[in-house]
Each structure stands twice: as C-alpha cells, then as structure tokens.
Amino acid sequence: MITVGKTNRIGKPIDDYKGGASTLCKGCGHDSITSSIIKACYELGIDSHHLVKLSGIGCSSKTPAYFLKYSHGFNSLHGRMPTIATGVGMANRKLKTIGVSGDGDTASIGMGHFVHLIRRNIPMVYIVENNGVYGLTKGQFSATADDGSFLKTGEINHQPPIDLCALAIQLGCQFVARSFSGDPKQLVPMLEAAMAHDGMALIDITSPCITFNDHEGSTKSNKYTREHRQPLHDLDFIPYYDETLADYKDGEKFSLKMSDGSVLKLLKLDKDYDPTNKLAALSLLSDMEGSNTIVTGIIFKGEGKKTFQAAENMIEKPLSDLSINEIKPGTQALLDFNSGHQ
Amino acid sequence: MVSKVKKINDIVIEVATENGSGSQSANNILMRSIFYMGIPVSGKNLFPSNIQGLPTWFSIRVNEEGWVARKDEVDIMVCMNEKSVVDDLKKLSVGDTLIIEDSLKSLINRDDINIIIVPFEEMVKEICPNARLRRMVVNLLYVGVIAHFIGIDEKTIVQAIQKQFSKKPEAAKLNTDAVKFGLEWAVKNIKPSELYQLNTVNKTAGKMLVEGNEAVALGLFYGGANVVAWYPITPSSSTMESLIRYLKKYKKSADGKNEFCVVQAEDELAAFGVVTGASWAGARGVTATSGPGTSLMAEGAGLAYFAEIPAVIVDVQRMGPSTGLPTRTNQGDILACYYLSHGDTKHVLLIPGTPEECYEFGFEVMNLAQELQTVIFLMSDLDLGMNNWMCDPFKPITKEISKGKLLSKEQLETNKGFKRYADVDGDGIPYRTLPGVESDYAAYFTRGTGHREDATYTESSVDWLKNIDRLKRKHDTARKMVPESIFIGTGKQRRAIVAYGSSDPAVMEALFILSKTHGLEFDYMRIRALPTTEKTNEFIKNHEVVCFVEQNRDGQMIAIIRSEKPEDALKIKPILHYDGMSISASAIVKQILKAEGR
C-alpha cells in the first residue's frame, strides 16, 4: 500500500484517526476537543485496534463517533459509562480506553458510578466536556454551573458547583487535570500524558456550549473562560519512544514521569506549584472556589496506586482472548460439589 | 385424646426458634440425619429479614414416597421461642405433638395435643460450660429429643454432624455430645411416639441435598462465567458468593493469578453495566439479583437487547412490590423480566424447576447469551434457591462452551468487512467483532439509538422497522433454542395442569392426590423457558381445560400466554398461590376442585 503524505510512527495518516462528521452545533467546544484527541492519538501513534472509546448520553457522549474510526465505540446509557468501562477493563486489560462524558452525565446522573470508577482506578482517560448546561435537552443548568451564573432565559443558578477535580483528588485519582477546549496547545500534551498514565486519568475540560451557554453572564462561555483561565504551566510531552528523552534526567524538577516511561515537562511556571502534592492541589482548588479564576493544567499527579486489574490479581492475558479450552473448567469442581452434598 | 392414624416415614416437623441463635445448623443436622436413614426429606427455612432476635421456623417434611413439597399441616412442633409460641400452637391439630422448652409451658393453652415439656435451658447449662455457646448448643438438645421420639438412628446423626463440621472437630464433638445428652434425657423421660416413627429405607442412596443457588452457580461456572458483577440482595447473594468461591478455587493460573474478575458494584445498575461492558469486550459476564435489582437493571436490559450484547441476569425471585417480603418466595418477576425495559423489548427467560435444572440452565444461559447476543434471564426463586432439595449427583455437561457468531481477523479480511446488524443467516442473529481484533474492518459503533445494518446512526422509519422486526425474528429463533417443556401424563386427557419453577414438587403431589382421592386425571406440562416452544403452544391448544399454577397474584405467565395465544385465553384457569410460603399440594388441589365445581 502506498501512503501519500505525512504519517506517524506506525505509518498511519491523521485521517485514520478521524471519525464520522460531527452533528454538533457549529463552533461547539466539544468538536475542538475531538480534534485534540485525534491529534494526540496520531502523534502518539496509537494502534486504533487496541483502543476503545466509550461514552454515556448527551452532546459530549456523541463525540466518540467523530474520532478514531478504526476503534470500537460504545455510546451507552446516561451516566453509566463508568460501569461499561469497568466491564471492558475486566474483560480486556490490554485495551486503551477513552471515555467521554459531560457534566450532566458525570456530575449528576452518573455521579455514583464516577466516584466508584475512581475508587477502583480503572485505567482509562476520562474526559468531562464541561459546559455547565444540558445541551441536548436545550439548556438546563447542570451541577457544575457556577453559583450566580445565568441562562439565556435569565434564570439564575443558586446552587454551588461540584468541582470534579477536587472530588477526584480526594477520592485518590492519580491523574487530575483541567483544561479548556480552546487551548489545544495545552490539551494535546495533556491527553498524551493521560494516555501514558496507567490508571484512571481525569481531564475536566471547560467546553463552551455555543448555543445555550455562551452568552454574557455565563461563567462557561468562550469569552469568560479565555479571560479568566490561568494556566499553571505550559506542557511538553515526551513520549517514551522519543529520542530526546535521553536528555531527561530522573528526578528533574517539574517533570512528571508516566508509567510507560514517557515524561511530561511542566514549563514556564508562574508560581512554584508542585502537582505531586495532594494537599497543595486540594488547597489550590479550595482557594479557587468562588473566585473568577479557572486554573488549568496538571492539578495533581500521584503514583503508587494499583490499577483495579493489578489489585484484583488478574492474569495478564485478556479474558476476551482466552480460548474455549482455557475458559472451560475441569471436572474437579463438579466432583467436589457432588461429594460435598451427599 | 383423638386417635390418629399411625404414620411411618411420613412426618412434618416444624422448629420455631429465634434467628441468629444458630438453629439453622441444628436443623440441617436433623434433616440430614433423616436423609442418611434413606428417607426422602426436604427442609424449608422460613426466616425473617433480620439478623438476630426475630422468630424463625424450619419445616422438615419426611416422606418415604418422595412427596417433599411444603405441607400446610404440622405433626410435631418444637417451640423454643417465646415470641411465637401462641401462633405456633395454632398450627397443631388435635393429637399432634408439641415439644416445648420448660420455661414456656405457662403459654400452653391447649389440652387436645400431646405435650412434651423439656428443660432445655437447664440442660444446656450442664452440658455447655461456655455461656456464650449455649444459645447455639441448646438447639442440638431438641435434635436429640426428636431423635428418640421418632426413632432417628443415632449413627446417622453423628454422620450428619461430621458432615456439617467436617473442618471443625471441636464443634463436631460439642454438637455430638449435646445431641447425645438430649437423647439420653428423652430415653429417661419420654416414650417414643406411637404415631410417628422413622424406619431406615433405601431411597436416598447416592442422592444429594442441594440449594438451587449453589447449583446455578456451578452451572454458570461450567458455562465459563469469568466476569462477575453483583450487588448483594436476598435471596440471590449466595449464587454469586458460591460462584466466586468456585472461581477462586478452580480458576487460578499456574502462577496463582485469577483467570476471572469479580466486582461488587455500587448498585445493580452498575452491576449490569459492568456485565454489559465486559461481554461487549469479549468476556462472559453474569450478575445475580432479585426483583428490586432487576427493576434497576431495566434501562440496561433495553440497551443490551437493542445493541445486542450478551448478558446474563439470574433473578432469584422474592415477594414484592418494593421491599415486599424480602425473605419469602414468589414468582412475581416473570412478566416484568419478560418485557424488562421500555419500548419494544421481549427477553428470553430460562426457568429451572429442580436443582439439576438450576445447574444445567446455569450452563445453558451463559451459552445462549453469547449465541443470541442478548440479555437472558435465569428465573429462580427463594424456595428453589435457598432451601435444600434432594436430587441426583450432577452429571458432567457434555455440551461445549460457545462464543456465538464472532468474526476473526481472517474472516474480516476475507470478507472485506462486515455489517454488525445484518441478518446474514436468516435467523435474526447478526455477527459481531470484539475490540482488539487487528483489522480495519473490525470496528463498529455500538449505540442504543436507531442504527442501520452497518451500525451507523439513523432515524429512518424504514431502517427502524427492519431492525426491530429482525429482533423479533431473533426472539423466534430463541424459541427453538430454549429448553423444551417437560410433559407428564398420557397427553390424552381433557384437562391439564401447567406450572413452572419451584411449583413442580407440589404439582406432582397434587396430581397424585387428584387422581387417587378424587378420580381426576390431568396431563401436566412444566414450562422451562420463555418464549414458549412450539410444543408448549401445542399442548395448551390440545387441552380443553388448562389449570395454570403460579406463585403470584395475577397470573403473570397466563398474561403472557393469553397475549400471545388469544385463541386459548378462555380455557386457562388460574391456580394462584401468593402468600409468601412455598406452594403446597393442598393449595393446588383445593383450587382445582373448586374450579371443577367440586
């Protein structure tokens, strides 16, 4: 086969990482995130056959149809994507998993599953495309809408928002990041690092709803987010197979080593923020509560927590790859059962 | 005293105790020692939804002819619990026997029964110096007293104790001593019964006493279940606990790793989601629950049906609605599970009626889910699942484990693609691929929304009809794949009885009584699956009067049959039992006689 044009390290053109045409509103933040996912997967040279894309229900959850056409996808039930992801992780621990969710899907109907997904540490990249509203049902507030923000109709939200990043850190998630759909420069290396992390990685991305929550007075609009975001650092991701990695010295300050050997460099720090300090991370998010500032970047990166499959002492071989002979139990259990009940 | 007919090897013993007192172990020893005398026996544990302190009963039916369904009448009542004595006394007929703890004797308000007062509480102090253990050990004393009273062989009691405490020699000794102490007291103080006696026969040789839940678990295990996701709920928990035990013991790799994975989920929605995700990705997922759990799984069941993902739900039914009577038996989920979810869903249900079938269908359901690519229910109930049933040892399953219509990389490359929802074989069952197959032709997008044959999104009515009608064809294919009904009788009778699940022993006994005592002959069909097979439909069609025995208020199976075969609607007579107790033959006989105008 002759490949025309640019290809990545496994010889695939970027087109191979695209999906079907988006049916979201023109200018939707989610489409920008989709582009970043495509770019990150292309740059990393991801093998699409060994990746699955999962989602719940909502505008965000439609997006897995728009990227990685050669990967299996599952647009499941509202709020239940974490349960599907858990099952997939149990069945085939070799698969990479990208889960796309929204603020309604995660912070309301699926909250119970979300927290247990973190507790189990199922390896996956969990993306929340966070716009503060229910887009697909025409613009009702979600549980991440800021106190005092208002809808186009003038309706004001009087309830405080749930900070998914703070929640995730508290629950022991080892990779917690926040970004903005309009900042691919930050988002792409962030996604790449998340995919290199062996465990659950949460990326909470402000992704403005162009139709229902992009007006004056919204705290999740493009304008507001651009004006109020404060990146903690610039990111530079060096994958494990990159030759420049040789220059990297172990223990270098403000560089995060990923489970697969890749390194995420944190550059141009405005202040001395250490994302490996859990208390500092929680303190930072606590300071931001009720403020106008949206900090973005790697909020927390821990290590040492076992993945669900490791904690459960699973065999390395995916259960889905077991042959019938391997699945089939021997007769001992039956013999023991029969003699035990006579 | 009124004279009663002497009964040999035909007794109902009921023991009333307090739950959490350890009486279950004593009752099992009592039941098993009778079983070891070669006499058919069954035990029904009637327990409260509580851990300690509420009344609980254990009913043992001994019957040499093998009639071991629950019986409404009690011959010997053992009263150990002050709270239930007054009601317990009402269960006895004139001339029956009461064995009662001495301190409760002031509560006896009858003089038409045979009363045996035993100082159990005093005796246990003598035999058991450890005060904490007395609550438990006292129960062994009544085993000894009953043994003398009805003639249980002491050897078989020791054998039963050894079985119960095979790994705890100290407990075995304490229990044996206590039983002997009770027996010695009885020898000195009471005469053996003139009415009820047990004689050793040879009708249980080689047989087992099994709870349906553990049999289902063994079947699932042999069906290759390797992802278990569950949320604890009575009366299903022991199904998953048994399966997990088998997996941990027999499914380790050479280096001690698990060739399976278990998750105790955050709720039943999650349990079913995990099963769905795991099966979608190529594992063999299963969950077990009861009515409230299936309600929570309803949305997921619709997705598994429509997106065509293999999944197995074991529903051990209990009394509802809501929490209902969580520790009482019922067949009240048949209708709900058949149609579980919203929209045009219709599922496959396997309905075992014996421990052997629990085991066989446990295997079968794992295969059928893969072969039909859908959610399949195994409908058990509390009576079948949690009580002890006599059966033959299980035979090795000769069928092979099936993965269904799964396409390999080679097939995909040869065919240059596939259409996920196309009916290639005319049976309504499409082909599928798993993530991880290294072919650009493998991927497809799974969704609960309208989809074309190639799995792409559509809202077209034409595509919708094509797909939903194919799913109906698949349901009709299932009709030919599910276990056939069991047919008993000549097939030439005008009247028939139809039943399913745990009603079987009571129906069999009722057939005997109706024939012998009332001269009424019936053919009998036991349905073992939905959708109904062709032969099942024929059977109903070929009989003039069809009495449907169900353990629910509204006749849920009847509703399904009437809706699918309206031409047969009028010949169906509902015989319904729904008080939470296991169904008895007399409950069936009474209603049938009434229906017959007798």
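The values are calculated or read from the model by the stated rules, or taken from the named source; none is laboratory data. A quick note: this is a predicted structure, and the numbers were derived from the prediction, not measured. For neighbour counting, all protein chains shown are included, and Cβ atoms are generated from backbone atoms with ideal geometry for every residue, glycine included.
Can you find a residue in region A:110-123 that is assigned to a loop (DSSP other than H, G, I, E, B), in contact with a strand residue (DSSP E or B) (Cβ under 6 Å, 6 or more places away or on another chain) and of a type in the set (Gly, Ala, Ser)?
No: zero hits.
Hey, can you tell me all the residues within region B:509-554 that are among the aliphatic types (A, V, I, L, M), under 14 Å from B:Gly489 (Cβ atoms) and surrounded by fewer than 20 Cβ atoms within 10 Å (Cβ to Cβ)?
B:Leu520, B:Val545
Across region A:32-61, which residue is surrounded by the most Cβ atoms within 10 Å (Cβ to Cβ) among those that are within 16 Å of B:Gly277 (Cβ to Cβ) and β-branched (Val, Ile, Thr)?
Applying the first criterion (within 16 Å of B:Gly277 (Cβ to Cβ)) to region A:32-61 yields A:51-57, A:61.
Now restrict to residues that are β-branched (Val, Ile, Thr): A:52, A:57.
On the way: A:Val52: 30, A:Ile57: 24.
Result: A:Val52.
Hey, can you tell me all the residues within region B:247-301 that are touching an Asp or Glu at 6+ places or on another chain (Cβ under 6 Å) and more than 8 Å from chain A (Cβ to nearest Cβ)? Spell out how you get there, then give the answer.
Step one: of region B:247-301, the residues touching an Asp or Glu at 6+ places or on another chain (Cβ under 6 Å) are B:251, B:253, B:261, B:289, B:291, B:293-294, B:296-297.
Matches in region B:247-301: B:Thr289, B:Gly291, B:Gly293, B:Thr294, B:Leu296, B:Met297.
Does at least one position in region B:314-327 carry a residue that is of a type outside the set (Gly, Ala, Ser), within 14 Å of chain A (Cβ to nearest Cβ) and farther than 20 Å from B:Leu220 by Cβ? Break it down stepwise before answering.
Taking region B:314-327 and keeping what is of a type outside the set (Gly, Ala, Ser), we get B:314-319, B:321, B:323, B:325-327.
If we keep only those that are within 14 Å of chain A (Cβ to nearest Cβ) too, we end up with none.
No, region B:314-327 contains no residue that is of a type outside the set (Gly, Ala, Ser), within 14 Å of chain A (Cβ to nearest Cβ) and farther than 20 Å from B:Leu220 by Cβ.
Name the pairs: first residue in region A:187-202 and more than 10 Å from A:Ile37 (Cβ to Cβ), second residue basic (Lys, Arg), Cβ to Cβ under 7 Å, at least 6 apart or on different chains?
A:Gly199/A:Lys305
Looking at (1) part of a loop (DSSP other than H, G, I, E, B); (2) within 27 Å of B:Tyr339 (Cα to Cα); (3) out of contact with any Phe, Trp or Tyr (no Cβ under 9 Å at 6 or more places or on another chain); (4) not hydroxyl-bearing (Ser, Thr, Tyr), which is the one condition that is false for B:Gln370?
Of (1) part of a loop (DSSP other than H, G, I, E, B); (2) within 27 Å of B:Tyr339 (Cα to Cα); (3) out of contact with any Phe, Trp or Tyr (no Cβ under 9 Å at 6 or more places or on another chain); (4) not hydroxyl-bearing (Ser, Thr, Tyr), only one is false for B:Gln370: (1).
Mind telling me which of the residues B:Glu534, B:Glu538, B:Glu550 ends up being closer than 26 Å to B:Val348 by Cα and without any contact (Cβ under 8 Å) to a residue 24 or more places away in the chain? Before the answer, list the steps.
On the way: B:Glu534 fails: without any contact (Cβ under 8 Å) to a residue 24 or more places away in the chain; B:Glu550 fails: without any contact (Cβ under 8 Å) to a residue 24 or more places away in the chain.
The match here is B:Glu538.
Table: residues versus (1) modelled with pLDDT under 95; (2) assigned to a loop (DSSP other than H, G, I, E, B); (3) assigned by TED's automatic domain parsing to the domain that holds B:Ile100.
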position: B:Phe149; (1), (2), (3): no, no, yes
position: B:Ile157; (1), (2), (3): no, no, yes
position: B:Ile161; (1), (2), (3): no, no, yes
position: B:Glu170; (1), (2), (3): yes, no, yes
position: B:Thr176; (1), (2), (3): no, no, yes
position: B:Phe181; (1), (2), (3): no, no, yes
position: B:Ala186; (1), (2), (3): no, no, yes
position: B:Ser193; (1), (2), (3): no, yes, yes
position: B:Thr200; (1), (2), (3): no, yes, yes
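Of all residues being hydroxyl-bearing (Ser, Thr, Tyr) and in a loop (DSSP other than H, G, I, E, B) in region A:1-31, which is surrounded by the most Cβ atoms within 10 Å (Cβ to Cβ)? Just the residue, please.
Taking region A:1-31 as the starting set, the residues that turn out to be hydroxyl-bearing (Ser, Thr, Tyr) are A:3, A:7, A:17, A:22-23.
Applying the additional criterion that residues be in a loop (DSSP other than H, G, I, E, B) yields A:3, A:7, A:22-23.
Numbers: A:Thr3: 10, A:Thr7: 14, A:Ser22: 17, A:Thr23: 12.
Per the stated criteria, the residue is A:Ser22.
Restricting attention to region B:469-487, does a residue exist that is farther than 30 Å from B:Ala595 by Cβ, within 14 Å of chain A (Cβ to nearest Cβ) and either aromatic (Phe, Trp, Tyr) or more than 33 Å from the chain's Cα centre (by Cα) (or both)?
Pass one, region B:469-487, residues farther than 30 Å from B:Ala595 by Cβ: B:469-478, B:480-481.
Those still in the list that are within 14 Å of chain A (Cβ to nearest Cβ) too: none.
The answer is no, given that none of the residues of region B:469-487 is farther than 30 Å from B:Ala595 by Cβ, within 14 Å of chain A (Cβ to nearest Cβ) and either aromatic (Phe, Trp, Tyr) or more than 33 Å from the chain's Cα centre (by Cα) (or both).
Provide a single number: the residues in region B:223-244 that are crowded, with 24+ Cβ neighbours inside 10 Å and at the interface with chain A (Cβ under 10 Å from one of its Cβ atoms).
Number of matching residues: 7.
Kindly list the number of the only condition in (1) in a loop (DSSP other than H, G, I, E, B); (2) closer than 28 Å to A:Lys223 by Cβ; (3) of a type in the set (Ser, Thr, Tyr) that fails for A:Ser61.
In the conditions (1) in a loop (DSSP other than H, G, I, E, B); (2) closer than 28 Å to A:Lys223 by Cβ; (3) of a type in the set (Ser, Thr, Tyr), A:Ser61 misses (1) alone.
What about A:Asn121, is it crowded, with 19+ Cβ neighbours inside 10 Å, farther than 19 Å from B:Phe272 by Cβ and away from chain B (no Cβ under 14 Å)? Lay out the reasoning, then the answer.
Numbers: crowded, with 19+ Cβ neighbours inside 10 Å: yes; farther than 19 Å from B:Phe272 by Cβ: yes; away from chain B (no Cβ under 14 Å): no.
Against the criterion (crowded, with 19+ Cβ neighbours inside 10 Å, farther than 19 Å from B:Phe272 by Cβ and away from chain B (no Cβ under 14 Å)), A:Asn121 does not qualify.
Need the failing condition index for B:Gln52 against (1) on the phi > 0 side of the Ramachandran plot; (2) at pLDDT below 95, just the number.
(1)
What do you reckon, is A:Thr144 outside any strand (DSSP E or B), within 19 Å of the chain's Cα centre (by Cα) and not hydrophobic (A, V, I, L, M, F, W, C)? Lay out the reasoning, then the answer.
Numbers: outside any strand (DSSP E or B): yes; within 19 Å of the chain's Cα centre (by Cα): yes; not hydrophobic (A, V, I, L, M, F, W, C): yes.
Yes.
Among B:Thr289, B:Thr294, B:Thr354, B:Thr323, which is crowded, with 22+ Cβ neighbours inside 10 Å, over 14 Å from the mean Cα position of the chain (by Cα) and either modelled with pLDDT of 95 or more or within 17 Å of B:Asn552 (Cα to Cα) (or both)?
Details: B:Thr289 fails: over 14 Å from the mean Cα position of the chain (by Cα); B:Thr354 fails: over 14 Å from the mean Cα position of the chain (by Cα); B:Thr323 fails: crowded, with 22+ Cβ neighbours inside 10 Å.
Checking each option against the conditions leaves just B:Thr294.
Collect the residues in region A:305-321 that are more than 7 Å from chain B (Cβ to nearest Cβ) and without any contact (Cβ under 8 Å) to a residue 24 or more places away in the chain, keeping them in residue-number order.
Hits for region A:305-321 are A:Ala310, A:Lys317.
Quickly run through region B:218-277 and pick out the residues that are part of a helix (DSSP H, G or I) and at positive phi.
none
Of all residues in region B:6-35, which are assigned to a loop (DSSP other than H, G, I, E, B), at pLDDT 95 or above and either surrounded by fewer than 21 Cβ atoms within 10 Å (Cβ to Cβ) or among the charged types (D, E, K, R) (or both)?
At the first step, the residues of region B:6-35 found to be assigned to a loop (DSSP other than H, G, I, E, B) are B:6, B:9, B:19-22.
Retained after the next criterion (residues that are at pLDDT 95 or above): B:9.
None; the set is empty.
Let's see how each residue does on (1) at pLDDT 95 or above; (2) under 21 Å from B:Trp185 (Cβ atoms):
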{"site": "B:Arg61", "(1), (2)": "yes, no"}
{"site": "B:Lys71", "(1), (2)": "yes, no"}
{"site": "B:Met80", "(1), (2)": "yes, yes"}
{"site": "B:Leu92", "(1), (2)": "yes, no"}
{"site": "B:Leu98", "(1), (2)": "yes, yes"}
{"site": "B:Glu101", "(1), (2)": "yes, yes"}
{"site": "B:Lys105", "(1), (2)": "yes, yes"}
{"site": "B:Ile116", "(1), (2)": "yes, yes"}
{"site": "B:Asn130", "(1), (2)": "no, yes"}
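Sort out which residues of region B:208-220 are within 7 Å of chain A (Cβ to nearest Cβ) and out of contact with any Lys or Arg (no Cβ under 8 Å at 6 or more places or on another chain), and write them in order of number. Lay out the reasoning, then the answer.
First, the residues of region B:208-220 that are within 7 Å of chain A (Cβ to nearest Cβ): B:208-210, B:218.
If the condition is that a residue be within 7 Å of chain A (Cβ to nearest Cβ) and out of contact with any Lys or Arg (no Cβ under 8 Å at 6 or more places or on another chain), then B:Met208, B:Val210, B:Leu218 are the ones that fit.
Exactly one of these conditions fails for A:Ile37: (1) more than 11 Å from every other protein chain (Cβ to nearest Cβ); (2) part of a loop (DSSP other than H, G, I, E, B). Give me its number.
All conditions are met except number (2).
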